[in-house]
1. Would it be correct to say that GLY128 is buried (at least 19 other Cβ atoms within 10 Å of the Cβ) and without any contact (Cβ under 8 Å) to a residue 24 or more places away in the chain?
2. Could you grab me the full set of residues in the stretch 98-112 that are within 12 Å of ligand 1 (Cβ to nearest atom) and among the charged types (D, E, K, R)?
3. Looking only at residues that are among the β-branched types (Val, Ile, Thr) and surrounded by 17 or more Cβ atoms within 10 Å (Cβ to Cβ) in the stretch 50-87, which one is nearest to VAL12 (Cα to Cα)?
4. Can you pull out every residue in the stretch 145-181 that is modelled with pLDDT of 95 or more, more than 16 Å from ligand 2 (Cβ to nearest atom), closer than 25 Å to HIS64 by Cα and assigned to a loop (DSSP other than H, G, I, E, B)?
5. Restricting the search to the stretch 80-105, which residues are in a helix (DSSP H, G or I) and free of Cβ contacts under 8 Å to residues at least 40 places away in the same chain?
6. May I ask you to verify whether PHE173 is touching a helix residue (DSSP H, G or I) at 6+ places or on another chain (Cβ under 7 Å) and surrounded by 14 or more Cβ atoms within 10 Å (Cβ to Cβ)?
7. Suppose we filter the stretch 24-49 for residues that are closer than 22 Å to ILE132 by Cβ and surrounded by 19 or more Cβ atoms within 10 Å (Cβ to Cβ); how many remain?
Amino acid sequence: MKSTIDNTVEFVKEKLEGAEAGHDWFHIERVWKLAKKIAETENCNQEVVELSALLHDIADPKFHNGDETIAPKISRAFLEQQNVPDETIEKVLYVIENISFKNRGNAPIEPSLELQIVQDADRIDAIGAIGIARTFNFGGFKNNPMYDPAIEPNLGMSKEEYKKSNGTTINHFYEKLLLLKDLMNTEKGKKMAEERHNYMLNFLDEFYKEWNVD
Ligand code: ADP
Ligand code: NI
């Protein structure tokens, strides 16, 4: 018999068919694996971690006119149909509703351990070589400029400004990616973020060197 996790994998793969490459099934698969790795080091609810990792981008508001209610609705309906106990469903929805970087201003004061783990996994996939690739893919998808030396990064953006931002892709490194290392929740997450962070710093050095042809 197929497990709930197997059914969730199948459901998510189907839902994300044709998604932008930075938010597709492969992003979910990486976050799922990273979350399992971090979960090994923590005394957490493994099922909640896995289900939340699998469902966390099922309907990203970025691709649904900013609507943040779709993902929890779809997830609840799916989990109920799978006969997942209510208590587990509530824990998974809590992770999905609180994971986002742009909502960090309203983050829970005492986040559940499962939220901390899946958020770290999602943030690790936002940095390093994969993070760079995803960010340029998203910038291309939005037709944003890669870089414009005249446009400064905007560090104090409100949630609404962040969502609407048509800044450059290089600025996104300063507005988000380089901040993530210090926002990691778990010890394992912090360690994993370090190497990827340094890789991005090297990338930026090279980028400016090559940009400034002399
Ligand atoms: P969350 O989904 O946690 O709120 P974001 O909305 O910042 O996080 O987006 C997740 C990923 O999408 C980022 O890590 C990045 O790769 C890409 N992305 C989001 N906004 C931008 C942007 N303005 N320019 C380039 N990439 C972006
Ligand atoms: Ni994600």
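1. So GLY128 does not fit the description; no.
2. Across the stretch 98-112, the qualifying residues are LYS102, ARG104.
3. Selected residue: ILE58.
4. Within the stretch 145-181, PRO145, MET146, THR168 qualify.
5. Matches in the stretch 80-105: GLU80, GLN81, ASP86, GLU87, ILE89, GLU90, LEU93, TYR94, GLU97, ASN98.
6. For PHE173, the condition - touching a helix residue (DSSP H, G or I) at 6+ places or on another chain (Cβ under 7 Å) and surrounded by 14 or more Cβ atoms within 10 Å (Cβ to Cβ) - is met.
7. 7
Here's the yes/no breakdown for (1) away from ligand 1 (no atom under 13 Å from the Cβ); (2) farther than 19 Å from LEU115 by Cβ; (3) over 14 Å from the mean Cα position of the chain (by Cα):
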{"position": "LYS15", "(1), (2), (3)": "yes, yes, yes"}
{"position": "GLU20", "(1), (2), (3)": "no, yes, no"}
{"position": "ILE28", "(1), (2), (3)": "no, no, no"}
{"position": "ALA39", "(1), (2), (3)": "yes, no, yes"}
{"position": "LEU51", "(1), (2), (3)": "yes, no, yes"}
{"position": "LEU54", "(1), (2), (3)": "yes, no, no"}
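The values are calculated or read from the model by the stated rules, or taken from the named source; none is laboratory data. Remember, predicted model here, so these are calculated numbers, not experimental data. Please note: Cβ atoms are built from the backbone with ideal geometry, for glycine as well, and neighbour counts cover all protein chains shown.
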